[in-house]
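Reviewing the structure listed below.
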Amino acid sequence: MNFSSKLLEDAVAEFSKLPGIGQKTALRLVLHLLNKDQTEVDQFGNAMIQLKQNIKQCAVCNNISDFEICEICASRKRDRSLVCVVEDTRDVMAIENTGQYLGLYHVLGGLISPMDGVGPADLFIENLVHRVGDKEIKEIILALSPNMEGDTTLFYLFKKLKGFDLIISTIARGIAFGGELEYTDEITLGRSIVTRVPYESTLMK
């Protein structure tokens with residue numbers, strides 16, 4: 001692609017680094033911003049800068065937050081005996097949108113994937129083990145995407161947690177294998193949470 005401006009080329013190159021954004025889409029986005037008022041472009045840029053500089057990670061569940069303790073962990077309305085383990089913040093948002101879950105969360109920050117060089121030590125697994133030492137927690141729901149990496153992580157977590165006096169369950173398989181939680185419709189995801197099953201029973205099938 002030939003550019004009439006080095007500034008334009010550099011901006012398109014940066015947008016092209018975003019997931020799912022090709023060069024043509026990046027060019028369209030950059031040209032869209034060029035047609036906006038300076039104030040709007042400044043607001044866009046400042047929002048990104050403020051996000052990067054000021055975003056925090058909840059000290060309890062590792063979710064993205066504006067505060068040291070996220071609003072979910074800080075809420076007195078949540079069921080503190082229930083912790084739902086998810087891959088990342090997108091899954092928290094997907095489950096919250098169902099309106100079917102009122103417990104707490106634990107964000108792993110990824111899934112075990114030897115092919116990608118991601119092992120248990122790269123995830124927030126030890127934090128989870130430390131949390132379940134709190135007698136207040138009665139059930140852990142393993143809500144990970146039904147794919148190879150998700151199943152590997154599920155099995156590893158089960159082995160780490162099975163010695164504790166708590167229920168270990170997993171979401172019902174209303175979600176097709178290979179799917180991603182964040183793309184599952186709210187009704188199916190909500191039903192999968194509500195009709196969760198003991199994880200150990202899935203090992204016998």
LEU18 and LEU34 label points (each 7 Å along its Cα→Cβ direction) are spaced in nm at 1.7
quick note, the chain, DSSP beta bridge pairs, % antiparallel (nearest 5) is 30
Subtracting the Cα-Cα distance of ALA47 and LYS160 from 0.36 nm times their residue separation yields 36.7 nm
Straight-line reach check, LYS17, cutoff 21 Å on alpha carbons, 8 or more apart in-chain or any other chain, hits among lysines -> LYS6, LYS52
Per GNM of the chain with C-alpha springs under 10 angstrom, the most fluctuating residue out of ALA47, ALA94, ALA74 is ALA47
Highest GNM mean-square fluctuation among HIS32, HIS130, HIS106, for the chain with Cα springs under 10 Å, belongs to HIS32
Using the Kirkwood formula on alpha carbons, the hydrodynamic radius of the chain in angstrom works out to 19.3
Taking a straight Cα-to-Cα line shorter than 14 Å from LYS24, and setting aside same-chain aspartates and glutamates fewer than 8 residues away, one finds GLU9, ASP10, GLU14
So the angle from the long Cα axis of helix 89-98 to the longest Cα principal axis of the chain, reported in degrees to the nearest 10, equals 70
Listed residues SER192, SER16, SER81; largest mean-square fluctuation, Gaussian network over the chain with Cα springs below 10 Å, found at SER16
With 0.36 nm assigned to each residue of separation and the Cα-Cα distance removed, ASP134 to THR152 gains 3.9 nm
The pairs in LYS36/LYS56; LYS77/LYS159; LYS138/LYS159; LYS77/LYS162 lying past 22 Å Cα-Cα in this model are LYS36/LYS56; LYS77/LYS159; LYS77/LYS162
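Values quoted throughout were computed directly from the atomic coordinates according to the rules given, and no laboratory measurement underlies them. Note that the structure is predicted; figures quoted are calculated from it, not measured. Using ideal geometry, Cβ is built from the backbone for each residue, glycine included, and neighbour counts are taken over all protein chains shown.
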